[in-house]
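The values are calculated or read from the model by the stated rules, or taken from the named source; none is laboratory data. Small disclaimer: the values here were computed from a predicted structure and weren't measured. So basically every Cβ, Gly included, is an ideal-geometry build from the backbone, and we count neighbours across all protein chains shown. Quick note on the areas: whole protein, heavy atoms, side chains included, nothing else; ligands and nucleic acids left out. Shrake-Rupley method; radii C 1.70, N 1.55, O 1.52, S 1.80 Å.
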Amino acid sequence: GAHRLFSDGAIHFRIGMRPEGRGRQRVILVTGGGGLIGGALVARLRSEGHEVWAPSRSKRNSAGLDLDQPNNGTFPEAIQTAFLSAWRGGVVEAAQDEWATWRTNVEGNLALIKRLREQSVNMVFLSTSLVFAGTETSAHAPLSPCCYYAEQKAAIEAALDPHKDVIVRMTKVGETLLPRLRQWAASLRAGGSIAVARGLRLAPVLLDEAVDGLAGLARDHLPGIYQMSALRDHSYFDLAASLSSVVGGVVADDPDAGKDVFRPIPVSGRLTICSPVGSSAWP
(Lines give C-alpha, C1' and ligand atoms only; values in the text may rest on other atoms or scores of the structure.)
Protein backbone atom coordinates (compact mmCIF):
# COMPACT_ATOMS: atom_id res chain seq x y z
CA GLY A 1 0.00 0.00 0.00
CA ALA A 2 2.75 2.44 0.92
CA HIS A 3 4.57 1.68 -2.33
CA ARG A 4 1.45 2.41 -4.40
CA LEU A 5 0.67 5.61 -2.53
CA PHE A 6 4.19 6.89 -3.00
CA SER A 7 5.08 5.56 -6.42
CA ASP A 8 7.58 8.38 -6.74
CA GLY A 9 8.82 8.66 -3.19
CA ALA A 10 11.75 10.92 -4.06
CA ILE A 11 9.41 13.61 -5.39
CA HIS A 12 7.21 13.44 -2.30
CA PHE A 13 10.26 13.73 -0.08
CA ARG A 14 11.66 16.73 -1.92
CA ILE A 15 8.36 18.59 -1.69
CA GLY A 16 8.71 18.64 2.08
CA MET A 17 12.46 19.34 2.07
CA ARG A 18 14.09 22.72 2.45
CA PRO A 19 15.00 24.13 -0.97
CA GLU A 20 18.66 23.76 -1.83
CA GLY A 21 20.72 26.56 -0.37
CA ARG A 22 18.18 27.52 2.34
CA GLY A 23 19.21 24.99 4.95
CA ARG A 24 20.86 21.67 5.53
CA GLN A 25 19.02 18.49 4.57
CA ARG A 26 17.84 16.55 7.58
CA VAL A 27 19.59 13.24 8.36
CA ILE A 28 17.99 9.85 8.96
CA LEU A 29 19.83 7.51 11.33
CA VAL A 30 19.51 3.76 10.75
CA THR A 31 21.13 1.52 13.35
CA GLY A 32 21.77 -2.07 12.33
CA GLY A 33 22.41 -1.01 8.73
CA GLY A 34 24.49 -4.17 8.23
CA GLY A 35 21.49 -6.41 8.92
CA LEU A 36 18.84 -7.70 6.55
CA ILE A 37 16.10 -5.15 7.27
CA GLY A 38 18.43 -2.28 8.16
CA GLY A 39 20.54 -2.73 5.03
CA ALA A 40 17.50 -2.87 2.75
CA LEU A 41 16.04 0.20 4.45
CA VAL A 42 19.27 2.18 4.01
CA ALA A 43 19.32 1.36 0.31
CA ARG A 44 15.66 2.34 -0.14
CA LEU A 45 15.97 5.64 1.72
CA ARG A 46 19.07 6.66 -0.22
CA SER A 47 17.38 5.78 -3.50
CA GLU A 48 14.58 8.18 -2.54
CA GLY A 49 17.00 11.05 -1.94
CA HIS A 50 17.30 10.94 1.84
CA GLU A 51 20.59 11.64 3.58
CA VAL A 52 21.18 8.52 5.67
CA TRP A 53 23.68 7.89 8.47
CA ALA A 54 24.17 4.16 8.97
CA PRO A 55 27.03 4.08 11.51
CA SER A 56 29.53 1.27 11.87
CA ARG A 57 30.21 -0.48 15.17
CA SER A 58 33.94 0.10 14.66
CA LYS A 59 35.52 1.61 17.78
CA ARG A 60 38.18 3.19 15.58
CA ASN A 61 35.56 5.37 13.94
CA SER A 62 34.62 8.42 16.04
CA ALA A 63 31.38 8.66 14.06
CA GLY A 64 30.56 5.00 14.69
CA LEU A 65 27.94 3.63 17.02
CA ASP A 66 28.39 0.56 19.23
CA LEU A 67 25.47 -0.42 21.45
CA ASP A 68 27.99 -1.83 23.93
CA GLN A 69 29.36 1.73 24.27
CA PRO A 70 26.38 3.87 23.20
CA ASN A 71 27.63 7.09 24.79
CA ASN A 72 30.83 7.12 22.74
CA GLY A 73 31.14 8.62 19.29
CA THR A 74 29.85 11.82 17.76
CA PHE A 75 26.42 12.14 16.20
CA PRO A 76 25.97 14.25 13.07
CA GLU A 77 23.88 17.36 13.43
CA ALA A 78 20.33 17.59 12.15
CA ILE A 79 19.18 14.00 12.79
CA GLN A 80 15.45 14.09 12.17
CA THR A 81 14.42 10.42 12.40
CA ALA A 82 16.14 7.38 13.87
CA PHE A 83 15.25 3.80 12.89
CA LEU A 84 16.40 1.53 15.73
CA SER A 85 17.00 -1.88 14.17
CA ALA A 86 20.38 -2.84 15.66
CA TRP A 87 20.05 -5.99 17.77
CA ARG A 88 22.42 -8.64 19.02
CA GLY A 89 21.30 -12.14 18.09
CA GLY A 90 17.86 -13.67 17.84
CA VAL A 91 15.66 -15.98 19.87
CA VAL A 92 18.28 -18.71 20.33
CA GLU A 93 21.16 -16.32 21.12
CA ALA A 94 19.10 -14.48 23.74
CA ALA A 95 18.22 -17.75 25.46
CA GLN A 96 21.83 -18.92 25.43
CA ASP A 97 23.40 -15.71 26.77
CA GLU A 98 20.82 -13.68 28.62
CA TRP A 99 23.20 -11.24 30.29
CA ALA A 100 25.33 -10.30 27.28
CA THR A 101 22.36 -9.84 24.97
CA TRP A 102 20.47 -7.80 27.60
CA ARG A 103 23.46 -5.52 28.06
CA THR A 104 23.70 -4.79 24.34
CA ASN A 105 20.07 -4.85 23.31
CA VAL A 106 18.36 -3.28 26.30
CA GLU A 107 20.96 -1.21 28.14
CA GLY A 108 22.60 -0.12 24.89
CA ASN A 109 19.37 0.88 23.17
CA LEU A 110 18.05 2.63 26.28
CA ALA A 111 21.20 4.77 26.46
CA LEU A 112 20.89 5.54 22.74
CA ILE A 113 17.24 6.48 23.14
CA LYS A 114 18.19 8.89 25.93
CA ARG A 115 20.72 10.61 23.65
CA LEU A 116 18.24 10.85 20.82
CA ARG A 117 15.51 12.14 23.13
CA GLU A 118 17.77 15.02 24.16
CA GLN A 119 17.98 16.02 20.48
CA SER A 120 14.18 15.68 19.93
CA VAL A 121 14.70 12.99 17.28
CA ASN A 122 11.72 11.08 15.88
CA MET A 123 12.27 7.43 16.83
CA VAL A 124 11.08 4.27 15.06
CA PHE A 125 11.73 1.00 16.92
CA LEU A 126 11.53 -2.39 15.20
CA SER A 127 9.85 -4.86 17.54
CA THR A 128 8.42 -8.33 17.10
CA SER A 129 5.17 -10.30 17.11
CA LEU A 130 6.75 -12.47 19.82
CA VAL A 131 5.79 -9.89 22.45
CA PHE A 132 2.45 -11.77 22.34
CA ALA A 133 2.13 -15.39 23.44
CA GLY A 134 -1.66 -15.70 23.16
CA THR A 135 -4.35 -15.07 20.58
CA GLU A 136 -4.94 -11.41 21.53
CA THR A 137 -2.53 -9.43 19.36
CA SER A 138 -4.22 -6.07 18.87
CA ALA A 139 -1.96 -3.02 19.09
CA HIS A 140 -2.82 -2.08 22.67
CA ALA A 141 -3.32 -5.56 24.11
CA PRO A 142 -1.21 -6.37 27.21
CA LEU A 143 2.19 -7.74 26.23
CA SER A 144 2.94 -11.37 27.04
CA PRO A 145 6.50 -12.07 25.81
CA CYS A 146 7.00 -15.72 24.96
CA CYS A 147 10.81 -15.81 25.12
CA TYR A 148 13.77 -13.87 26.46
CA TYR A 149 14.33 -12.19 23.08
CA ALA A 150 10.77 -10.85 23.21
CA GLU A 151 11.24 -9.71 26.82
CA GLN A 152 14.13 -7.56 25.63
CA LYS A 153 12.00 -6.07 22.83
CA ALA A 154 9.21 -5.38 25.34
CA ALA A 155 11.66 -3.58 27.63
CA ILE A 156 12.52 -1.13 24.84
CA GLU A 157 8.85 -0.67 23.96
CA ALA A 158 8.21 0.29 27.59
CA ALA A 159 10.80 3.08 27.32
CA LEU A 160 9.09 4.63 24.31
CA ASP A 161 6.02 6.85 24.15
CA PRO A 162 3.52 5.95 21.39
CA HIS A 163 2.33 9.57 21.51
CA LYS A 164 5.80 10.70 20.36
CA ASP A 165 7.53 7.62 18.97
CA VAL A 166 6.77 4.81 16.52
CA ILE A 167 6.76 1.13 17.53
CA VAL A 168 6.68 -1.28 14.59
CA ARG A 169 5.81 -4.87 15.48
CA MET A 170 6.51 -7.28 12.68
CA THR A 171 6.09 -11.00 12.12
CA LYS A 172 8.94 -13.07 10.72
CA VAL A 173 10.50 -11.74 7.51
CA GLY A 174 10.12 -14.43 4.87
CA GLU A 175 13.65 -14.11 3.49
CA THR A 176 15.08 -15.22 6.84
CA LEU A 177 13.51 -18.63 6.19
CA LEU A 178 15.55 -19.28 3.03
CA PRO A 179 18.59 -20.96 4.67
CA ARG A 180 16.28 -23.32 6.57
CA LEU A 181 14.25 -24.09 3.45
CA ARG A 182 17.42 -24.88 1.48
CA GLN A 183 18.62 -27.20 4.22
CA TRP A 184 15.26 -28.98 4.35
CA ALA A 185 15.13 -29.28 0.55
CA ALA A 186 18.62 -30.81 0.42
CA SER A 187 17.70 -33.44 3.02
CA LEU A 188 14.38 -34.25 1.38
CA ARG A 189 15.87 -34.53 -2.13
CA ALA A 190 18.47 -36.94 -0.78
CA GLY A 191 15.63 -39.23 0.25
CA GLY A 192 15.90 -38.43 3.93
CA SER A 193 13.36 -37.26 6.46
CA ILE A 194 13.14 -34.10 8.54
CA ALA A 195 11.44 -33.47 11.89
CA VAL A 196 9.66 -30.11 12.07
CA ALA A 197 7.53 -28.41 14.69
CA ARG A 198 3.78 -28.61 14.22
CA GLY A 199 3.27 -26.35 17.25
CA LEU A 200 5.39 -23.40 16.09
CA ARG A 201 3.54 -21.03 13.77
CA LEU A 202 4.49 -18.16 11.48
CA ALA A 203 2.81 -15.51 9.31
CA PRO A 204 5.75 -14.14 7.31
CA VAL A 205 5.92 -10.81 5.51
CA LEU A 206 8.29 -10.11 2.64
CA LEU A 207 11.31 -7.85 3.03
CA ASP A 208 10.05 -5.48 0.33
CA GLU A 209 6.75 -5.11 2.20
CA ALA A 210 8.56 -4.30 5.43
CA VAL A 211 10.82 -1.75 3.78
CA ASP A 212 7.88 -0.12 1.98
CA GLY A 213 6.18 0.50 5.30
CA LEU A 214 9.32 1.73 7.07
CA ALA A 215 10.28 4.08 4.24
CA GLY A 216 6.77 5.51 4.40
CA LEU A 217 7.38 6.36 8.06
CA ALA A 218 10.46 8.37 7.05
CA ARG A 219 8.20 10.55 4.89
CA ASP A 220 5.27 10.74 7.28
CA HIS A 221 6.23 10.22 10.93
CA LEU A 222 2.90 9.72 12.66
CA PRO A 223 3.54 8.40 16.19
CA GLY A 224 1.85 5.25 17.37
CA ILE A 225 1.96 1.46 17.16
CA TYR A 226 2.13 -0.20 13.76
CA GLN A 227 1.74 -3.94 13.19
CA MET A 228 2.65 -5.82 10.00
CA SER A 229 1.68 -9.43 9.38
CA ALA A 230 0.42 -11.92 6.86
CA LEU A 231 -3.35 -12.39 7.05
CA ARG A 232 -3.05 -16.08 7.98
CA ASP A 233 -0.56 -18.12 9.94
CA HIS A 234 0.77 -21.60 9.23
CA SER A 235 2.86 -24.08 11.16
CA TYR A 236 6.45 -24.84 10.28
CA PHE A 237 5.20 -28.38 9.69
CA ASP A 238 2.78 -27.05 7.03
CA LEU A 239 5.66 -25.25 5.36
CA ALA A 240 7.86 -28.36 5.31
CA ALA A 241 5.00 -30.55 4.08
CA SER A 242 4.37 -28.15 1.21
CA LEU A 243 8.06 -28.34 0.30
CA SER A 244 7.98 -32.14 0.54
CA SER A 245 5.10 -32.27 -1.92
CA VAL A 246 7.43 -30.69 -4.50
CA VAL A 247 10.80 -32.33 -3.81
CA GLY A 248 9.77 -35.59 -2.12
CA GLY A 249 10.97 -37.00 1.17
CA VAL A 250 9.22 -37.49 4.52
CA VAL A 251 8.27 -34.86 7.10
CA ALA A 252 7.64 -35.87 10.71
CA ASP A 253 6.39 -33.83 13.66
CA ASP A 254 8.93 -32.74 16.28
CA PRO A 255 6.84 -32.21 19.44
CA ASP A 256 9.80 -30.85 21.45
CA ALA A 257 10.89 -28.17 18.96
CA GLY A 258 11.08 -24.71 20.48
CA LYS A 259 10.54 -25.79 24.08
CA ASP A 260 14.11 -24.86 24.99
CA VAL A 261 13.65 -21.18 24.00
CA PHE A 262 9.90 -20.45 24.09
CA ARG A 263 8.13 -20.20 27.45
CA PRO A 264 5.34 -20.65 26.47
CA ILE A 265 5.24 -21.53 22.80
CA PRO A 266 3.16 -18.77 21.16
CA VAL A 267 -0.34 -19.74 20.08
CA SER A 268 -0.20 -17.81 16.80
CA GLY A 269 2.42 -16.35 14.49
CA ARG A 270 0.02 -13.67 13.26
CA LEU A 271 -0.49 -10.07 14.36
CA THR A 272 -3.61 -7.96 14.10
CA ILE A 273 -2.61 -5.64 11.25
CA CYS A 274 -2.93 -1.98 12.19
CA SER A 275 -1.58 1.55 11.95
CA PRO A 276 -2.71 4.77 13.65
CA VAL A 277 -5.71 6.51 12.12
CA GLY A 278 -4.56 9.09 9.61
CA SER A 279 -1.30 7.42 8.61
CA SER A 280 -0.79 8.10 4.92
CA ALA A 281 2.54 6.27 4.93
CA TRP A 282 1.16 2.93 6.08
CA PRO A 283 -2.53 2.47 5.28
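When residues in region 101-140 are screened for being farther than 24 Å from Ala82 by Cα and either in a helix (DSSP H, G or I) or in contact (Cβ under 8 Å) with a residue 40 or more places away in the chain (or both), 6 of them pass.
Checked against (1) of a type outside the set (Ser, Thr, Tyr); (2) farther than 28 Å from Val42 by Cβ; (3) touching a residue at least 40 places away in the same chain (Cβ under 8 Å); (4) open to solvent by 30 Å² or more (accessible area, probe 1.4 Å), Cys146 passes all but a single condition, namely (4).
Listed here are the residues, each with its yes/no results for (1) of a type in the set (S, T, N, Q); (2) in contact with a Ser or Thr (Cβ under 6 Å, 6 or more places away or on another chain); (3) open to solvent by 40 Å² or more (accessible area, probe 1.4 Å); (4) in a helix (DSSP H, G or I).
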position	(1), (2), (3), (4)
Ala186	no, no, yes, yes
Gly199	no, no, yes, no
Leu239	no, no, yes, yes
Lys259	no, no, yes, no
Leu271	no, yes, no, no
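For region 206-215, check the following and say yes or no: at least one residue is over 25 Å from Arg103 (Cα atoms) and assigned to a loop (DSSP other than H, G, I, E, B). Yes: region 206-215 contains one or more residues that are over 25 Å from Arg103 (Cα atoms) and assigned to a loop (DSSP other than H, G, I, E, B). When the criteria are applied in full, Val211 fails the requirement of being open to solvent by less than 20 Å² (accessible area, probe 1.4 Å) and either of a type in the set (Gly, Ala, Ser) or touching a strand residue (DSSP E or B) at 6+ places or on another chain (Cβ under 8 Å) (or both).
The set of residues in region 170-184 that are under 16 Å from Arg201 (Cβ atoms) and either outside any helix (DSSP H, G or I) or within 17 Å of the chain's Cα centre (by Cα) (or both) comprises Met170, Thr171, Lys172, Val173, Gly174, Thr176, Leu177. Entry remark, region 157-202: residues being of a type in the set (Asp, Glu) and free of Cβ contacts under 8 Å to residues at least 60 places away in the same chain number 2 in total.
Taken together, Ser245, Ser229 contain a single residue that is over 22 Å from His50 (Cβ atoms) and open to solvent by less than 40 Å² (accessible area, probe 1.4 Å), which is Ser229. Quick test of your reading of the structure: Phe83 fulfils all but one of (1) farther than 27 Å from Ala257 by Cβ; (2) in contact (Cβ under 8 Å) with a residue 40 or more places away in the chain; (3) exposed (fewer than 15 other Cβ atoms within 10 Å of the Cβ). Name the failing condition by number. Evaluating Phe83 over (1) farther than 27 Å from Ala257 by Cβ; (2) in contact (Cβ under 8 Å) with a residue 40 or more places away in the chain; (3) exposed (fewer than 15 other Cβ atoms within 10 Å of the Cβ) leaves (3) as the failure.
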